[in-house]
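One structure is given here, and the rest of the page talks about it.
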Amino acid sequence: MASMVDLEPTVSAHLVAIPFPGRGHINPMINFCKLIATKHPDILITLIVTEEWLGFLSSESKPPDNVQFRTIPNVIPSELVRAADPTAFIKATSTEMKAPVELVIEGLQPNPMVIIYDAFLTWVGSMQGSIPIAAFWPMSVTVFSVFLNYHLLCQNHHLPVLSLSEQGDTKIDYIPGVPSTRILDLHTTLYGKGEEVLYICLEAVSCAQKSNYLLFTSISELEQQVIDSLKSELLLPIYSIGPAIPYLQIKQKFCNHQVVPGYLKWLDNQAENSVLYISQGSFLSLSDDQLKEIMTGIHDAGVPYLWVTRVEASKINGGNTAKGMIVPWCDQLRVLCHPSVGGFWTHCGWNSTKEGVYAGVPMITSPLAWDQVPNSKMIVEDWGVGWRVKKETGVETLMKRDEVARLVKRFMDLESVVGKELRKRVEQLKEISQQATAEGGSADQAIHAFIRDITKS
(Lines give C-alpha, C1' and ligand atoms only; values in the text may rest on other atoms or scores of the structure.)
Protein backbone atom coordinates (compact mmCIF):
# COMPACT_ATOMS: atom_id res chain seq x y z
CA MET A 1 0.00 0.00 0.00
CA ALA A 2 1.01 3.59 -0.57
CA SER A 3 2.32 5.31 2.53
CA MET A 4 0.26 7.94 4.31
CA VAL A 5 1.07 11.49 3.25
CA ASP A 6 1.63 14.36 5.68
CA LEU A 7 -1.66 16.13 6.14
CA GLU A 8 -2.81 19.42 7.61
CA PRO A 9 -3.87 19.05 11.26
CA THR A 10 -7.54 19.76 10.47
CA VAL A 11 -9.47 17.65 7.98
CA SER A 12 -13.01 18.91 7.44
CA ALA A 13 -14.08 16.05 5.18
CA HIS A 14 -12.77 12.79 3.76
CA LEU A 15 -13.72 11.80 0.20
CA VAL A 16 -12.96 8.43 -1.39
CA ALA A 17 -12.60 8.16 -5.18
CA ILE A 18 -12.71 4.85 -7.08
CA PRO A 19 -11.82 5.25 -10.77
CA PHE A 20 -12.41 2.60 -13.42
CA PRO A 21 -8.95 1.13 -14.12
CA GLY A 22 -8.40 2.48 -17.64
CA ARG A 23 -6.43 5.54 -18.77
CA GLY A 24 -9.45 7.32 -20.24
CA HIS A 25 -11.33 6.92 -16.95
CA ILE A 26 -8.55 7.40 -14.41
CA ASN A 27 -7.27 10.70 -15.82
CA PRO A 28 -10.52 12.72 -15.47
CA MET A 29 -11.21 11.25 -12.02
CA ILE A 30 -7.74 12.16 -10.76
CA ASN A 31 -7.94 15.61 -12.34
CA PHE A 32 -11.28 16.20 -10.63
CA CYS A 33 -9.82 15.12 -7.30
CA LYS A 34 -6.87 17.46 -7.79
CA LEU A 35 -9.23 20.32 -8.57
CA ILE A 36 -11.18 19.70 -5.36
CA ALA A 37 -7.94 19.38 -3.40
CA THR A 38 -6.56 22.71 -4.64
CA LYS A 39 -9.86 24.53 -4.08
CA HIS A 40 -10.43 22.92 -0.65
CA PRO A 41 -7.08 22.15 1.05
CA ASP A 42 -8.91 21.06 4.23
CA ILE A 43 -10.51 18.11 2.43
CA LEU A 44 -8.67 14.76 2.40
CA ILE A 45 -9.14 12.68 -0.75
CA THR A 46 -8.22 8.99 -0.97
CA LEU A 47 -7.94 7.44 -4.45
CA ILE A 48 -8.20 3.64 -4.60
CA VAL A 49 -6.33 2.05 -7.53
CA THR A 50 -4.68 -1.26 -8.35
CA GLU A 51 -1.02 -1.79 -7.49
CA GLU A 52 -0.22 -1.69 -11.22
CA TRP A 53 -1.92 1.66 -11.64
CA LEU A 54 -0.12 3.14 -8.66
CA GLY A 55 3.10 2.23 -10.44
CA PHE A 56 1.96 4.02 -13.60
CA LEU A 57 0.84 7.09 -11.67
CA SER A 58 3.93 7.38 -9.48
CA SER A 59 5.94 8.61 -12.48
CA GLU A 60 3.53 11.50 -13.10
CA SER A 61 3.27 14.90 -11.44
CA LYS A 62 3.07 14.97 -7.65
CA PRO A 63 -0.52 15.38 -6.42
CA PRO A 64 -1.50 17.98 -3.78
CA ASP A 65 -0.61 17.01 -0.22
CA ASN A 66 -4.23 16.31 0.69
CA VAL A 67 -4.56 13.61 -2.00
CA GLN A 68 -3.41 10.10 -1.04
CA PHE A 69 -3.47 6.72 -2.78
CA ARG A 70 -4.49 3.33 -1.44
CA THR A 71 -4.11 0.14 -3.45
CA ILE A 72 -5.82 -3.17 -4.08
CA PRO A 73 -4.03 -6.22 -5.55
CA ASN A 74 -3.91 -6.66 -9.32
CA VAL A 75 -7.10 -8.72 -9.47
CA ILE A 76 -7.88 -7.70 -13.08
CA PRO A 77 -5.97 -8.13 -16.38
CA SER A 78 -3.04 -5.76 -16.87
CA GLU A 79 -3.57 -2.40 -18.56
CA LEU A 80 -0.84 -3.50 -20.99
CA VAL A 81 -2.93 -6.36 -22.41
CA ARG A 82 -6.55 -5.39 -21.77
CA ALA A 83 -7.10 -4.31 -25.38
CA ALA A 84 -6.63 -7.94 -26.46
CA ASP A 85 -9.94 -8.91 -24.83
CA PRO A 86 -11.95 -5.82 -23.79
CA THR A 87 -15.04 -7.84 -22.88
CA ALA A 88 -13.13 -10.06 -20.43
CA PHE A 89 -11.50 -7.00 -18.89
CA ILE A 90 -14.84 -5.26 -18.34
CA LYS A 91 -16.30 -8.39 -16.79
CA ALA A 92 -13.31 -8.68 -14.43
CA THR A 93 -13.78 -5.11 -13.20
CA SER A 94 -17.42 -6.01 -12.48
CA THR A 95 -16.63 -9.08 -10.37
CA GLU A 96 -13.11 -8.98 -8.90
CA MET A 97 -12.64 -5.49 -7.49
CA LYS A 98 -15.49 -5.15 -5.00
CA ALA A 99 -14.13 -7.28 -2.11
CA PRO A 100 -10.61 -5.77 -1.97
CA VAL A 101 -11.98 -2.23 -2.32
CA GLU A 102 -14.35 -2.84 0.61
CA LEU A 103 -11.40 -3.96 2.74
CA VAL A 104 -9.53 -0.75 1.99
CA ILE A 105 -12.53 1.45 2.79
CA GLU A 106 -13.13 -0.36 6.10
CA GLY A 107 -9.63 0.59 7.23
CA LEU A 108 -9.76 4.28 6.30
CA GLN A 109 -9.62 7.03 8.92
CA PRO A 110 -11.30 9.41 9.31
CA ASN A 111 -14.51 7.81 8.07
CA PRO A 112 -15.31 8.82 4.48
CA MET A 113 -18.10 11.34 3.98
CA VAL A 114 -18.85 10.30 0.38
CA ILE A 115 -17.58 7.82 -2.22
CA ILE A 116 -17.07 9.15 -5.74
CA TYR A 117 -17.10 6.19 -8.11
CA ASP A 118 -16.81 5.71 -11.86
CA ALA A 119 -20.35 4.87 -12.96
CA PHE A 120 -19.16 1.70 -14.70
CA LEU A 121 -18.13 0.19 -11.35
CA THR A 122 -21.77 -0.61 -10.64
CA TRP A 123 -21.01 -2.79 -7.60
CA VAL A 124 -20.15 0.28 -5.51
CA GLY A 125 -23.85 0.87 -4.85
CA SER A 126 -24.17 -2.58 -3.24
CA MET A 127 -21.20 -2.31 -0.88
CA GLN A 128 -21.78 -2.68 2.85
CA GLY A 129 -22.22 0.48 4.89
CA SER A 130 -24.22 3.65 4.55
CA ILE A 131 -21.70 6.05 2.99
CA PRO A 132 -23.39 8.30 0.37
CA ILE A 133 -22.17 7.74 -3.20
CA ALA A 134 -21.63 10.07 -6.15
CA ALA A 135 -21.68 8.57 -9.65
CA PHE A 136 -18.95 10.01 -11.89
CA TRP A 137 -20.08 9.68 -15.54
CA PRO A 138 -16.99 9.59 -17.81
CA MET A 139 -18.79 10.17 -21.16
CA SER A 140 -20.97 12.93 -22.58
CA VAL A 141 -24.34 13.77 -21.07
CA THR A 142 -25.84 12.98 -24.47
CA VAL A 143 -24.61 9.38 -24.29
CA PHE A 144 -26.00 9.05 -20.77
CA SER A 145 -29.42 10.25 -21.95
CA VAL A 146 -29.48 7.82 -24.88
CA PHE A 147 -28.84 4.88 -22.54
CA LEU A 148 -31.38 6.25 -20.08
CA ASN A 149 -33.96 6.24 -22.86
CA TYR A 150 -33.04 2.82 -24.26
CA HIS A 151 -36.69 1.82 -23.82
CA LEU A 152 -37.73 4.50 -26.33
CA LEU A 153 -35.37 3.08 -28.95
CA CYS A 154 -37.00 -0.32 -28.46
CA GLN A 155 -40.56 1.06 -28.41
CA ASN A 156 -39.94 2.87 -31.70
CA HIS A 157 -38.56 -0.38 -33.22
CA HIS A 158 -35.12 1.15 -33.88
CA LEU A 159 -33.54 -1.57 -31.75
CA PRO A 160 -32.41 -4.22 -32.23
CA VAL A 161 -30.52 -3.24 -35.40
CA LEU A 162 -30.84 -6.16 -37.79
CA SER A 163 -28.92 -4.59 -40.68
CA LEU A 164 -26.68 -1.58 -40.10
CA SER A 165 -26.24 -1.01 -43.84
CA GLU A 166 -30.02 -0.72 -44.26
CA GLN A 167 -30.93 1.00 -40.99
CA GLY A 168 -27.82 3.09 -40.34
CA ASP A 169 -29.14 6.34 -41.80
CA THR A 170 -32.45 6.15 -39.91
CA LYS A 171 -32.91 9.28 -37.78
CA ILE A 172 -33.55 9.16 -34.03
CA ASP A 173 -35.26 12.41 -33.01
CA TYR A 174 -37.23 11.60 -29.86
CA ILE A 175 -34.59 11.37 -27.08
CA PRO A 176 -35.34 14.32 -24.73
CA GLY A 177 -32.84 17.13 -25.24
CA VAL A 178 -30.69 15.15 -27.70
CA PRO A 179 -30.33 16.52 -31.26
CA SER A 180 -31.51 14.27 -34.10
CA THR A 181 -28.97 11.53 -34.80
CA ARG A 182 -28.53 8.56 -37.12
CA ILE A 183 -28.43 5.02 -35.80
CA LEU A 184 -24.91 4.93 -37.25
CA ASP A 185 -23.92 7.69 -34.83
CA LEU A 186 -25.17 6.00 -31.67
CA HIS A 187 -22.86 4.41 -29.09
CA THR A 188 -21.59 1.20 -30.69
CA THR A 189 -22.76 -1.03 -27.83
CA LEU A 190 -26.27 -0.54 -29.25
CA TYR A 191 -25.62 -2.66 -32.34
CA GLY A 192 -23.40 -5.41 -33.71
CA LYS A 193 -20.63 -6.94 -31.60
CA GLY A 194 -20.87 -4.09 -29.13
CA GLU A 195 -24.11 -5.54 -27.79
CA GLU A 196 -22.04 -8.09 -25.82
CA VAL A 197 -21.39 -5.41 -23.18
CA LEU A 198 -24.51 -3.28 -23.62
CA TYR A 199 -25.83 -4.59 -20.31
CA ILE A 200 -22.91 -2.93 -18.50
CA CYS A 201 -23.79 0.49 -19.95
CA LEU A 202 -27.47 0.12 -19.13
CA GLU A 203 -26.65 -1.06 -15.61
CA ALA A 204 -24.26 1.87 -15.13
CA VAL A 205 -26.98 4.37 -15.97
CA SER A 206 -29.54 2.54 -13.85
CA CYS A 207 -27.24 2.51 -10.82
CA ALA A 208 -26.26 6.15 -11.35
CA GLN A 209 -29.92 7.12 -11.02
CA LYS A 210 -29.98 5.47 -7.57
CA SER A 211 -26.86 7.25 -6.32
CA ASN A 212 -26.98 10.27 -4.03
CA TYR A 213 -25.25 12.61 -6.50
CA LEU A 214 -24.51 12.56 -10.23
CA LEU A 215 -21.39 14.20 -11.68
CA PHE A 216 -21.09 14.95 -15.41
CA THR A 217 -17.67 15.81 -16.84
CA SER A 218 -19.18 18.21 -19.33
CA ILE A 219 -19.60 21.93 -19.86
CA SER A 220 -23.27 22.69 -19.22
CA GLU A 221 -23.34 25.36 -21.95
CA LEU A 222 -22.33 22.79 -24.59
CA GLU A 223 -25.01 20.22 -23.70
CA GLN A 224 -27.57 22.54 -22.15
CA GLN A 225 -30.77 21.06 -23.54
CA VAL A 226 -30.03 17.48 -22.57
CA ILE A 227 -28.79 18.52 -19.11
CA ASP A 228 -31.97 20.52 -18.53
CA SER A 229 -34.12 17.56 -19.55
CA LEU A 230 -32.25 15.24 -17.16
CA LYS A 231 -32.55 17.69 -14.27
CA SER A 232 -36.32 17.68 -14.73
CA GLU A 233 -36.45 13.88 -15.04
CA LEU A 234 -34.02 12.56 -12.42
CA LEU A 235 -34.69 12.88 -8.70
CA LEU A 236 -31.12 13.55 -7.55
CA PRO A 237 -28.67 16.46 -7.58
CA ILE A 238 -26.79 16.82 -10.90
CA TYR A 239 -23.53 18.74 -11.31
CA SER A 240 -21.85 19.63 -14.62
CA ILE A 241 -18.30 19.87 -13.31
CA GLY A 242 -16.74 20.63 -16.68
CA PRO A 243 -13.95 18.77 -18.44
CA ALA A 244 -11.90 18.46 -15.23
CA ILE A 245 -9.02 20.12 -17.04
CA PRO A 246 -6.53 21.34 -14.46
CA TYR A 247 -4.28 23.08 -16.97
CA LEU A 248 -3.95 26.45 -15.28
CA GLN A 249 -4.78 25.46 -11.72
CA ILE A 250 -2.68 22.29 -11.44
CA LYS A 251 -0.20 21.68 -14.23
CA GLN A 252 1.63 24.96 -13.64
CA LYS A 253 1.69 24.35 -9.89
CA PHE A 254 2.69 20.68 -9.70
CA CYS A 255 4.64 20.02 -12.92
CA ASN A 256 8.35 20.64 -13.31
CA HIS A 257 8.69 22.89 -16.35
CA GLN A 258 12.46 23.23 -16.07
CA VAL A 259 12.86 20.25 -18.40
CA VAL A 260 11.20 20.99 -21.75
CA PRO A 261 10.35 17.88 -23.78
CA GLY A 262 11.84 17.57 -27.24
CA TYR A 263 8.43 17.66 -28.91
CA LEU A 264 7.72 21.09 -27.39
CA LYS A 265 11.05 22.40 -28.66
CA TRP A 266 10.11 21.02 -32.09
CA LEU A 267 6.72 22.76 -31.93
CA ASP A 268 8.44 26.02 -30.98
CA ASN A 269 10.19 25.96 -34.37
CA GLN A 270 6.99 25.51 -36.42
CA ALA A 271 4.82 28.24 -37.89
CA GLU A 272 1.66 29.31 -36.06
CA ASN A 273 -1.36 27.03 -36.70
CA SER A 274 0.68 24.90 -39.13
CA VAL A 275 0.99 21.57 -37.28
CA LEU A 276 -1.52 18.71 -37.38
CA TYR A 277 -1.50 16.89 -34.05
CA ILE A 278 -2.48 13.22 -34.43
CA SER A 279 -3.60 10.87 -31.66
CA GLN A 280 -5.63 7.66 -31.90
CA GLY A 281 -6.03 7.17 -28.16
CA SER A 282 -4.54 4.74 -25.66
CA PHE A 283 -6.80 1.71 -26.02
CA LEU A 284 -8.38 0.70 -29.35
CA SER A 285 -6.19 0.34 -32.44
CA LEU A 286 -6.47 0.76 -36.19
CA SER A 287 -5.90 -2.18 -38.50
CA ASP A 288 -2.42 -2.39 -40.03
CA ASP A 289 -3.82 -1.75 -43.52
CA GLN A 290 -5.73 1.34 -42.40
CA LEU A 291 -2.77 2.69 -40.45
CA LYS A 292 -0.54 2.35 -43.53
CA GLU A 293 -3.01 4.29 -45.70
CA ILE A 294 -3.28 7.09 -43.11
CA MET A 295 0.50 7.27 -42.67
CA THR A 296 1.09 7.58 -46.40
CA GLY A 297 -1.75 10.04 -46.91
CA ILE A 298 -0.56 12.39 -44.18
CA HIS A 299 2.98 12.20 -45.50
CA ASP A 300 1.75 13.01 -49.02
CA ALA A 301 -0.27 15.98 -47.74
CA GLY A 302 3.02 17.68 -46.90
CA VAL A 303 1.89 19.39 -43.69
CA PRO A 304 3.94 19.37 -40.47
CA TYR A 305 2.61 16.82 -37.98
CA LEU A 306 3.20 15.66 -34.42
CA TRP A 307 2.00 12.07 -34.05
CA VAL A 308 1.64 10.37 -30.67
CA THR A 309 1.38 6.63 -31.16
CA ARG A 310 2.39 3.30 -29.67
CA VAL A 311 3.56 2.21 -33.14
CA GLU A 312 7.35 2.33 -33.50
CA ALA A 313 8.44 5.60 -35.11
CA SER A 314 10.50 3.73 -37.71
CA LYS A 315 7.31 2.14 -39.07
CA ILE A 316 5.71 5.51 -39.81
CA ASN A 317 7.35 6.71 -43.01
CA GLY A 318 10.77 5.81 -41.68
CA GLY A 319 10.40 7.72 -38.41
CA ASN A 320 10.89 11.42 -37.71
CA THR A 321 11.28 13.59 -40.81
CA ALA A 322 11.71 17.27 -41.54
CA LYS A 323 7.92 17.50 -41.79
CA GLY A 324 6.92 15.37 -38.84
CA MET A 325 7.76 14.05 -35.39
CA ILE A 326 6.66 10.76 -33.80
CA VAL A 327 6.45 10.36 -30.01
CA PRO A 328 5.15 7.51 -27.82
CA TRP A 329 3.54 9.92 -25.33
CA CYS A 330 3.01 13.63 -24.80
CA ASP A 331 1.24 16.06 -22.51
CA GLN A 332 -1.73 16.33 -24.87
CA LEU A 333 -3.37 19.44 -23.47
CA ARG A 334 -0.07 21.29 -23.42
CA VAL A 335 0.44 20.33 -27.06
CA LEU A 336 -3.07 21.35 -28.12
CA CYS A 337 -2.62 24.74 -26.43
CA HIS A 338 0.66 25.35 -28.30
CA PRO A 339 0.28 28.17 -30.87
CA SER A 340 1.83 26.12 -33.70
CA VAL A 341 -0.90 23.45 -33.52
CA GLY A 342 -3.66 24.20 -36.04
CA GLY A 343 -5.53 20.89 -36.24
CA PHE A 344 -6.23 17.76 -34.22
CA TRP A 345 -6.76 14.33 -35.83
CA THR A 346 -8.58 12.56 -33.02
CA HIS A 347 -10.26 9.25 -32.24
CA CYS A 348 -12.88 11.33 -30.37
CA GLY A 349 -12.52 9.91 -26.89
CA TRP A 350 -14.47 12.16 -24.52
CA ASN A 351 -11.32 13.47 -22.80
CA SER A 352 -9.69 14.34 -26.13
CA THR A 353 -12.91 15.93 -27.38
CA LYS A 354 -13.08 18.21 -24.34
CA GLU A 355 -9.38 19.08 -24.57
CA GLY A 356 -9.69 19.93 -28.27
CA VAL A 357 -12.55 22.32 -27.50
CA TYR A 358 -10.75 23.80 -24.48
CA ALA A 359 -7.67 24.51 -26.62
CA GLY A 360 -9.75 25.86 -29.52
CA VAL A 361 -8.33 23.46 -32.12
CA PRO A 362 -10.54 22.22 -35.02
CA MET A 363 -10.73 18.45 -35.31
CA ILE A 364 -10.56 15.72 -37.94
CA THR A 365 -12.64 12.94 -36.44
CA SER A 366 -11.70 9.29 -36.86
CA PRO A 367 -13.73 7.32 -34.27
CA LEU A 368 -13.23 3.61 -33.79
CA ALA A 369 -15.94 2.46 -31.35
CA TRP A 370 -17.85 3.08 -28.11
CA ASP A 371 -18.74 6.72 -27.39
CA GLN A 372 -16.16 7.93 -29.89
CA VAL A 373 -18.80 7.63 -32.61
CA PRO A 374 -21.46 9.90 -31.04
CA ASN A 375 -18.69 12.28 -29.95
CA SER A 376 -17.61 12.58 -33.58
CA LYS A 377 -21.18 13.43 -34.56
CA MET A 378 -21.31 16.08 -31.84
CA ILE A 379 -18.04 17.66 -33.01
CA VAL A 380 -19.00 17.73 -36.69
CA GLU A 381 -22.76 18.30 -36.75
CA ASP A 382 -23.87 19.75 -33.40
CA TRP A 383 -20.91 22.04 -32.74
CA GLY A 384 -19.58 22.45 -36.29
CA VAL A 385 -15.91 22.41 -35.25
CA GLY A 386 -14.61 19.42 -37.18
CA TRP A 387 -14.71 17.22 -40.27
CA ARG A 388 -15.33 13.50 -40.49
CA VAL A 389 -12.75 11.30 -42.14
CA LYS A 390 -15.51 8.83 -43.08
CA LYS A 391 -19.24 9.47 -43.24
CA GLU A 392 -20.16 5.84 -42.62
CA THR A 393 -18.55 5.67 -39.20
CA GLY A 394 -20.15 2.40 -38.19
CA VAL A 395 -19.28 0.60 -41.43
CA GLU A 396 -15.91 -1.08 -42.01
CA THR A 397 -14.50 0.67 -45.08
CA LEU A 398 -10.84 1.25 -45.85
CA MET A 399 -9.92 4.92 -46.20
CA LYS A 400 -7.42 5.38 -49.04
CA ARG A 401 -4.23 7.44 -48.86
CA ASP A 402 -5.29 9.87 -51.60
CA GLU A 403 -8.51 10.63 -49.67
CA VAL A 404 -6.47 11.30 -46.54
CA ALA A 405 -4.03 13.58 -48.35
CA ARG A 406 -6.81 15.66 -49.95
CA LEU A 407 -8.69 15.97 -46.66
CA VAL A 408 -5.63 17.02 -44.65
CA LYS A 409 -4.56 19.62 -47.23
CA ARG A 410 -8.01 21.21 -47.26
CA PHE A 411 -8.38 21.02 -43.50
CA MET A 412 -5.07 22.74 -42.78
CA ASP A 413 -5.69 25.52 -45.35
CA LEU A 414 -6.06 28.50 -43.03
CA GLU A 415 -6.99 30.92 -45.80
CA SER A 416 -9.97 29.08 -47.27
CA VAL A 417 -13.48 30.35 -46.50
CA VAL A 418 -14.40 26.97 -44.98
CA GLY A 419 -11.23 26.90 -42.89
CA LYS A 420 -11.78 30.39 -41.52
CA GLU A 421 -15.39 29.62 -40.59
CA LEU A 422 -14.35 26.38 -38.87
CA ARG A 423 -11.74 28.16 -36.78
CA LYS A 424 -14.14 30.97 -35.91
CA ARG A 425 -16.63 28.47 -34.46
CA VAL A 426 -14.03 26.54 -32.50
CA GLU A 427 -12.72 29.81 -31.06
CA GLN A 428 -16.23 30.51 -29.75
CA LEU A 429 -16.40 27.11 -28.06
CA LYS A 430 -12.92 27.65 -26.62
CA GLU A 431 -14.12 30.86 -24.98
CA ILE A 432 -17.19 29.09 -23.55
CA SER A 433 -15.10 26.20 -22.20
CA GLN A 434 -12.39 28.33 -20.66
CA GLN A 435 -14.88 30.72 -19.07
CA ALA A 436 -16.78 27.76 -17.58
CA THR A 437 -13.65 26.29 -15.99
CA ALA A 438 -12.30 29.64 -14.76
CA GLU A 439 -13.00 30.90 -11.26
CA GLY A 440 -16.69 31.74 -11.00
CA GLY A 441 -17.59 29.89 -14.21
CA SER A 442 -20.37 27.31 -14.45
CA ALA A 443 -18.10 24.30 -13.89
CA ASP A 444 -16.28 26.00 -11.03
CA GLN A 445 -19.61 26.83 -9.39
CA ALA A 446 -20.80 23.23 -9.84
CA ILE A 447 -17.73 21.86 -8.05
CA HIS A 448 -18.26 24.23 -5.13
CA ALA A 449 -21.98 23.31 -5.06
CA PHE A 450 -21.10 19.61 -4.89
CA ILE A 451 -18.71 20.15 -1.97
CA ARG A 452 -21.25 22.37 -0.21
CA ASP A 453 -24.01 19.79 -0.60
CA ILE A 454 -22.02 16.78 0.58
CA THR A 455 -20.60 18.59 3.59
CA LYS A 456 -24.09 19.84 4.55
CA SER A 457 -25.41 16.31 4.38
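Selection over region 200-237 of residues that are farther than 14 Å from Met139 by Cβ and either open to solvent by 50 Å² or more (accessible area, probe 1.4 Å) or over 19 Å from the mean Cα position of the chain (by Cα) (or both) gives a count of 20. For region 168-177, a residue qualifies if it is closer than 18 Å to His151 by Cα and either open to solvent by 20 Å² or more (accessible area, probe 1.4 Å) or at pLDDT below 95 (or both), and the qualifying residues are Thr170, Lys171, Asp173, Tyr174, Pro176, Gly177.
Checking each residue in region 350-376 for being open to solvent by less than 10 Å² (accessible area, probe 1.4 Å) and in a loop (DSSP other than H, G, I, E, B) picks out Val361, Pro362.
Those helices (runs of 4 or more DSSP H) of region 6-105 in which 2 or more residues are at pLDDT below 90 and open to solvent by less than 40 Å² (accessible area, probe 1.4 Å) occupy 86-95.
Does any residue of region 386-409 turn out to be polar (S, T, N, Q), within 28 Å of Ser180 (Cβ to Cβ), buried (at least 20 other Cβ atoms within 10 Å of the Cβ) and at pLDDT 95 or above? Looking through region 386-409, none of the residues is polar (S, T, N, Q), within 28 Å of Ser180 (Cβ to Cβ), buried (at least 20 other Cβ atoms within 10 Å of the Cβ) and at pLDDT 95 or above. Would you call Asn111 assigned to a helix (DSSP H, G or I), under 25 Å from His448 (Cα atoms) and not hydrophobic (A, V, I, L, M, F, W, C)? No: the conditions fail for Asn111. With respect to being of a type in the set (A, V, I, L, M), under 26 Å from Lys39 (Cα atoms) and in a helix (DSSP H, G or I), Ala244 falls outside the description.
Does Val418 qualify as being open to solvent by less than 40 Å² (accessible area, probe 1.4 Å) and in a helix (DSSP H, G or I)?
Judged against the criteria, Val418 is not a match.
With respect to the conditions (1) closer than 20 Å to Thr296 by Cβ; (2) open to solvent by less than 10 Å² (accessible area, probe 1.4 Å), Ile379 falls short on a single one, namely (1). For the residues Ile326, Ile316, the requirement of being at pLDDT below 90, open to solvent by less than 20 Å² (accessible area, probe 1.4 Å) and either polar (S, T, N, Q) or touching a strand residue (DSSP E or B) at 6+ places or on another chain (Cβ under 7 Å) (or both) singles out Ile316.
Of the residues making up region 147-164, at least one is surrounded by fewer than 22 Cβ atoms within 10 Å (Cβ to Cβ), touching a residue at least 40 places away in the same chain (Cβ under 8 Å) and more than 30 Å from Pro21 (Cβ to Cβ).
The values are calculated or read from the model by the stated rules, or taken from the named source; none is laboratory data. All figures in this text were calculated on a predicted structure; none of them were measured in a lab. So basically every Cβ, Gly included, is an ideal-geometry build from the backbone, and we count neighbours across all protein chains shown. Side chains included, ligands, DNA and RNA excluded: accessible areas come from the protein's heavy atoms. Shrake-Rupley method; radii C 1.70, N 1.55, O 1.52, S 1.80 Å.
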